[in-house]
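Before any comments, here is the structure.
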Amino acid sequence: MKNRKRVWVPLLVLLLVAAIWYSRPVTLKNVLRFAVPTIVMTVFMSFYTMVDGLFVSNMIGTDALSAVNLTAPIISLVTAISTMLATGGSAVIMRKVGEQKATEANEDFTFLIVVNVIVGLVMSVLGYLVMDGIFGSMNLSPVVFDHCHDYLSRYLIFTIPILLMNNFTLYMIAAGKSDLSMVCSITGGVLNMVLDYVLIAVLDMGIAGAAIATGLGYSVTAVVGIVLFSKKNSLLHFVKPVCRRKTLWEAATNGSSEMATALVTGIVTMMFNWTMLKYVGENGVAAITIIMYVLMFATSLYTGYSYGVAPMISFYYGEQNHGKLKKLIRMSLKIISVIAAVTLIASLVVTEPLVSVFARPDNPVYDLAVTGNRICSFALIFIGFNVFASGMFTALSNGLISAVLAFSRSFVFMVIAMLILPALFGVTGVWFATPAAEFAAICLSLIMFGRYQKKYGY
């Protein structure tokens, strides 16, 4: 009897905490209370990559900047499985919390973290084994090859902390610790910037220093997460893991869209590089890299918002609270509309000063990047709705639809646009490819929204 009481008392406390967090009215203030920290968090996470690019381009050279972009597809592959388990797993676990299955939720949480550690170890070893073969097949110059090797070999050292960061970021949000997640991201971002300067400019470690700075910045959230989830008073905490194949399958299927996005992002990046080399040359590759940084930074606003409200969607769905679910999703669409308008205007207004941070006005790359960014910026009208649609279906435990939306948007429509538009309009077609693909994606998202509205009650 005593053991039963010891088990049930903390469970009741946890359920009470969850009820307090998620029972608040769905108002703009309360929604933003969840979303703003995650928006700030994802902005700083995207800032890691931008800062590396900034320091690398200005202190090492364009060859090194190209190397960072060339390693991106491999990094996407390394992190893809973890991203899948993190996003899909958080939806499954928070649904169980909403169903008042706190013990099972913590067992599954611990189990998925263990799986991520194993995945990290395997992927880091595989990365070391295949990276030189991959770079060798690209017919790179010796300088660029060395840069690629130096960057990725250091980055892979931090594979496990980076994967834990991906997971703990979402689980902190789910556990009502979005403020802590934000603080970790900001701290990691600041640390990354400081270390970029120290390791590259002061210690002259070159591109290897950039990789180490990024890895240590990501590690902040990993360390804090281990400490946080070791405490038994946390809504989610480490317990003895239970291997449930059903949980692993649900997490994998629910998060498959995010994995697809991570994988195809690398493929699309390579397509952009090859196309720009064909039509413009190396300056075009540098220009498309700068534009990717800008779009990534703007898109992080939408991603952050979707991360912030996803646990709320999962909880209300698990609780079968259709009133709150409907209000939350409709309010989210209005918020995303505002963000879309603001980001579009801001991107158009600050294009020139933003590009000048990476390339001087007398550099041919500058004019290419300015023109390209002004055209690509119109994709921001659609990106937010597409990101939210995919994240919403993940939170509703419909990984299949989420995967279809993400894969169609990130790969199918983008590949079609990249094959047709450059052939018709040259380099201008490259710039129009992203807005065209995002427009096609939002049409598909609207169809899925309408088709599943009655089923989920939103």
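The values are calculated or read from the model by the stated rules, or taken from the named source; none is laboratory data. Predicted model only: the values in this text are computed from it and were never measured. Here the Cβ is made from the backbone with ideal geometry for all residues, glycine too, and neighbour counts use every protein chain on show.
Quick test for you: out of Ile226, Ile212, pick the one residue that is at pLDDT 90 or above and surrounded by 19 or more Cβ atoms within 10 Å (Cβ to Cβ).
Numbers: Ile226 fails: surrounded by 19 or more Cβ atoms within 10 Å (Cβ to Cβ).
That would be Ile212, the only listed residue that is at pLDDT 90 or above and surrounded by 19 or more Cβ atoms within 10 Å (Cβ to Cβ).
How many of the residues in segment 322-381 are touching a Gly at 6+ places or on another chain (Cβ under 8 Å), closer than 22 Å to Trp431 by Cβ and among the aliphatic types (A, V, I, L, M)?
Number of matching residues: 2.
How about segment 389-402: which of its residues are crowded, with 24+ Cβ neighbours inside 10 Å, in a helix (DSSP H, G or I) and either of a type in the set (A, V, I, L, M) or more than 17 Å from the chain's Cα centre (by Cα) (or both)?
The initial filter retains those residues of segment 389-402 that are crowded, with 24+ Cβ neighbours inside 10 Å, namely 389-396, 399, 402.
Then drop every residue that is not in a helix (DSSP H, G or I), which leaves 389-395, 399, 402.
Listed by number, the residues that qualify are Ala389, Met392, Ala395.
In the list Asn386, Asn373, which residue meets the criterion of being closer than 30 Å to Gln320 by Cα and assigned to a helix (DSSP H, G or I)? Quick ask: steps written out before the conclusion?
Values: Asn373 fails: closer than 30 Å to Gln320 by Cα.
Result: Asn386 is the single residue among Asn386, Asn373 that is closer than 30 Å to Gln320 by Cα and assigned to a helix (DSSP H, G or I).
Name the one entry in Thr289, Thr261, Thr265 that is surrounded by fewer than 21 Cβ atoms within 10 Å (Cβ to Cβ), outside the structural domain of Phe55 (by TED's automatic domain parsing) and not aliphatic (A, V, I, L, M). Spell out the reasoning first.
On the way: Thr289 fails: surrounded by fewer than 21 Cβ atoms within 10 Å (Cβ to Cβ); Thr261 fails: surrounded by fewer than 21 Cβ atoms within 10 Å (Cβ to Cβ).
That would be Thr265, the only listed residue that is surrounded by fewer than 21 Cβ atoms within 10 Å (Cβ to Cβ), outside the structural domain of Phe55 (by TED's automatic domain parsing) and not aliphatic (A, V, I, L, M).
Name the residue that is nearest to Met94 (Cα to Cα), counting only residues in segment 223-267 that are touching a Pro at 6+ places or on another chain (Cβ under 9 Å) and assigned to a helix (DSSP H, G or I).
The selected residue is Val223.
Given the options Ser230, Ser178, name the one that is within 23 Å of Val114 (Cβ to Cβ), out of contact with any His (no Cβ under 6 Å at 6 or more places or on another chain) and small (Gly, Ala, Ser). Walk me through how you get there before you give the answer.
Details: Ser178 fails: within 23 Å of Val114 (Cβ to Cβ).
Unique residue meeting the criteria: Ser230.
In this structure, is Ile288 aliphatic (A, V, I, L, M) and in contact with a helix residue (DSSP H, G or I) (Cβ under 6 Å, 6 or more places away or on another chain)? Break it down into steps so the answer makes sense when it comes.
Values: aliphatic (A, V, I, L, M): yes; in contact with a helix residue (DSSP H, G or I) (Cβ under 6 Å, 6 or more places away or on another chain): yes.
Yes, satisfied.
Between a residue in segment 176-200 that is part of a loop (DSSP other than H, G, I, E, B) and any residue that is not aromatic (Phe, Trp, Tyr), which pairs come within a Cβ distance under 7 Å, given they are 6 or more apart or on different chains?
As it stands, the answer is Gly176/Leu235; Lys177/Leu228, since those pairs meet every condition given.
Please work out which one of (1) touching a helix residue (DSSP H, G or I) at 6+ places or on another chain (Cβ under 8 Å); (2) small (Gly, Ala, Ser); (3) at pLDDT below 80; (4) surrounded by fewer than 23 Cβ atoms within 10 Å (Cβ to Cβ) is the condition Ala91 fails and give its number.
The failed condition is (4).
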